[in-house]
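Working notes for the structure below.
The values are calculated or read from the model by the stated rules, or taken from the named source; none is laboratory data. This structure is a prediction, so every number in the text was calculated from the model and none was measured. Cβ placement follows ideal geometry from the backbone for every residue including glycine, while neighbour counts extend to all protein chains displayed. Remember, those area values only see protein heavy atoms, side chains included, never the ligands or the DNA or RNA. Shrake-Rupley method; radii C 1.70, N 1.55, O 1.52, S 1.80 Å.
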Amino acid sequence: MADPILHEDPRSGNCYKIKLTAALLGIGIETRQYDILAGETRTPEFLATVNANGRIPVLQIGERFLPESNAACWYLAEGSALVPRDRFDQADMLRWMFFEQYSHEPNIATLRFWLRFVGEANLSPQQKAQMMAKRIAGCEALALMDRHLASREWFVGNGVTLADIALFAYTHVAEEGGFGLDDYPAVGSWLSRLRSLPRFVAMD
């Protein structure tokens, strides 16, 4: 079977988490790159053939297309050591993956995107008005993570899981959004542990 194809923008942490999952599992993956700032995921062709929602990442398996980063990570990792065998631990892993998409990514990733790629001077008045709330919520998410990691090495169980991969993607570049990671020492130690894993690959 041909390698899966990742439709991505390499600047995206959501795309990176899929590549990191594949790398840690030794799974080959091809990429098709799009510039989201240039609107390349909003073209009629993309909407008709890749994702009608106009967003990436999308993992293509044969002729089928799977949007949403954490769903794609699950597809790659199901049955592997990145998914706990214990039923409660599986649910707890999903809990942290939902936390990442609901409480973490909308704040930390959004500020990173606005400040690094859009530029604060180019933000709309509505976006500027949201910045403080997103910074507060992002700091709260990092603080919660730091408390959780103060007494453990990984988010779930005794080894790395998809929960760690999902949260690593935007946490390790949080400073690009103005978040000071030195304020969260347990998070910093966890980031170092993940970077030391065999087959780890850095973000493009």
**OP:** Using every pair of alpha-carbon atoms in the range 31-171, split the distances into 5 Å bins beginning at 0 and state the percent of pairs per bin, rounded to integers.
**Re:** 2, 9, 15, 17, 17, 17, 13, 8, 3, 0
Original post:
Under a 5 Å amide H to amide H cut-off, with H placed in plane at 1.01 Å, what residues pair with GLN60 once short-range neighbours are removed?
Top reply: ILE5, LEU6, HIS7, LEU66
Original post:
Gain in length, LEU25 to ARG193, computed as 0.36 nm per residue apart minus the alpha-carbon separation, to one decimal in nm?
Top reply: 58.8 nm
Original post:
Say a site is exposed when it is one of the trypsin sites (Lys or Arg not before Pro), sits in a DSSP loop, and has at most 13 other Cβ atoms within 10 Å; what is then the longest site-free stretch of the chain?
Top reply: 86-151
Subject >> Surface share of carbon and sulfur [accessible, 1.4 angstrom probe, percent] for the chain >> reply: 52
Subject >> Cut-off 16 Å (backbone N to label point 7 Å along Cα→Cβ of PHE65), residues of the range 32-52 >> reply: 32-36, 39-52
Subject >> Residues of the range 5-158: accessible area per residue with a 1.4 Å probe, Å² >> reply: 53
